[in-house]
1. Look through S204, S170, S153, S182 and report the one residue that is closer than 30 Å to Q132 by Cα and over 16 Å from the mean Cα position of the chain (by Cα).
2. Which one of these does A187 not meet: (1) buried (at least 20 other Cβ atoms within 10 Å of the Cβ); (2) aliphatic (A, V, I, L, M); (3) part of a helix (DSSP H, G or I)?
3. If only one of R206, R233, R217 is part of a loop (DSSP other than H, G, I, E, B) and away from the ligand (no atom under 16 Å from the Cβ), which one is it?
4. So the check is Cβ under 9 Å with 6+ separation or different chains; which pairs have a first residue in segment 230-250 that's under 20 Å from N216 (Cβ atoms) and modelled with pLDDT of 95 or more and a second one that's within 13 Å of the ligand (Cβ to nearest atom) and β-branched (V, I, T)?
5. Can you tell me how many residues in segment 240-267 are within 12 Å of the ligand (Cβ to nearest atom) and crowded, with 21+ Cβ neighbours inside 10 Å?
6. Are any residues in segment 99-129 within 13 Å of the ligand (Cβ to nearest atom) and among the aliphatic types (A, V, I, L, M), and if so, which ones?
7. Are any residues in segment 106-165 assigned to a strand (DSSP E or B), crowded, with 21+ Cβ neighbours inside 10 Å, of a type in the set (A, V, I, L, M, F, W, C) and at pLDDT 95 or above, and if so, which ones?
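The values are calculated or read from the model by the stated rules, or taken from the named source; none is laboratory data. What you see is a predicted model; the values in this text were computed from it and never measured. Methodologically, a virtual Cβ is constructed for each residue, glycine included, from the backbone with ideal geometry; neighbour enumeration extends over all protein chains shown.
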Amino acid sequence: MLGRQRNEHTIAERVRVTGRGYWSGRGVNVHFIPASVGTGIRFVRSDLAGRPEIPVDLSTRTDQSLRTNLAVGEAKVEMIEHAMAALYALEIDNCVVAIDGEELPGLDGSSAAYVDALRTAGLVMQAAPRRQLIVDRTIRIGTAASWIEASPSPDGRMHVEYRLDYGPESPIRPQTFAAPVSPESFAREFAPARTFVTAEQAESLRRSGVASHVTNRDLLVFDHRGPVGNLLRYPNECARHKALDLVGDLALVGAELVGRIVSHRGGHQLNGSMAEQLCKIADLVPLGCRRAA
Ligand SMILES: [Zn+2]
C-alpha cells in the first residue's frame, strides 16, 4: 500500500534544549535551527574550530552498544537517538542541530523535552515532497533470541512493536508495546518513556567511572522490587522506551518509513542493521533513502 504523500517540513523558529550528557557529565546546549529543503537533519559542532557538520545518515553512524553516535572525521556527536526520534516523529525533515559538546543531554532519559521544544517552535511546510521509504516485502534480521522484522504497513503509516523479555531472573518483567507513529501518538505514548538500567548495570557503569553524576532520578534503575526511588510513567515504560529508540535509530534512513516494524529484544546495533537493510530495498524506490553524496 502506498503512503500518504506529504511535503517536507522544517521548524518555524530556533529553539534550545539544555542539559548534561549521561556519559560525560558535561553541560551542553542544543539549538534546533530551521533549515532549507535538501538539508535533512544535520548536526553542527558549534564548539569546534570551523563548526564541522555531521549529516545524519547511515554513512556517519558509528557502532556503539548502548547509544547511537555519528562521526565525520574527528567531529562526533553521541547519543543522538532520543532527539532523532522526536524530529522524525514530529515530521521535521530539515533541521540544523547545533551542539556545543560531543554528547547530547540525557535530560530525564526520555524524548519529552525535545518534543516540548520542537512543538513550541512550530512547523513550516516546504515546497518539496517528503521522501518515503515504503516497505514492500518482509525482511527479518537477527537471531532466534533477538530479531527485528519489517513488513508492509497495513494502512500507509509506520507502526512499531517492541517485545521485551530479559528472562525470569531479570528485575524487568516481560512486556510489549505497539503503536502507530504519528506526532500525536509519539508525544503521548512514546516520548515520556525513559531510559532504564538494572541496579547491577548501574553499579558496573559507576565502577567503570562513567555516568558517576547520574542518579536514580535521571533514568530508571530497576532492582527486584521495581524502579529504585522512582515511579513508572507507564506499566510497560521500558518497552515503550525501546520502541522510542527504534524510531530514533531507523530515522537514520532519512525518509518517512511506511511499514510495520517488530523488534524482539533488539537494540541499537540491530536497529542500525535494519536501517541498512531498509536502505537497500529503498534503492528500488523513487525518493528513497538519503545517502551522503
Ligand atoms: Zn534510549
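1. S153
2. Result: A187 fails condition (1) only.
3. R217
4. So the pair list comes out as H241/T195.
5. Selection size over segment 240-267: 10.
6. If the condition is that a residue be within 13 Å of the ligand (Cβ to nearest atom) and among the aliphatic types (A, V, I, L, M), then L104, L107, A112 are the ones that fit.
7. I148, A150, V160, L164, listed by residue number.
Conditions (1) in contact (Cβ under 8 Å) with a residue 24 or more places away in the chain; (2) aliphatic (A, V, I, L, M); (3) in contact with a Leu (Cβ under 9 Å, 6 or more places away or on another chain), marked per residue:
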residue	(1), (2), (3)
V97	yes, yes, yes
A117	yes, yes, no
D136	yes, no, yes
I141	yes, yes, yes
S146	yes, no, yes
E149	yes, no, no
P154	yes, no, no
D165	yes, no, no
E169	no, no, no
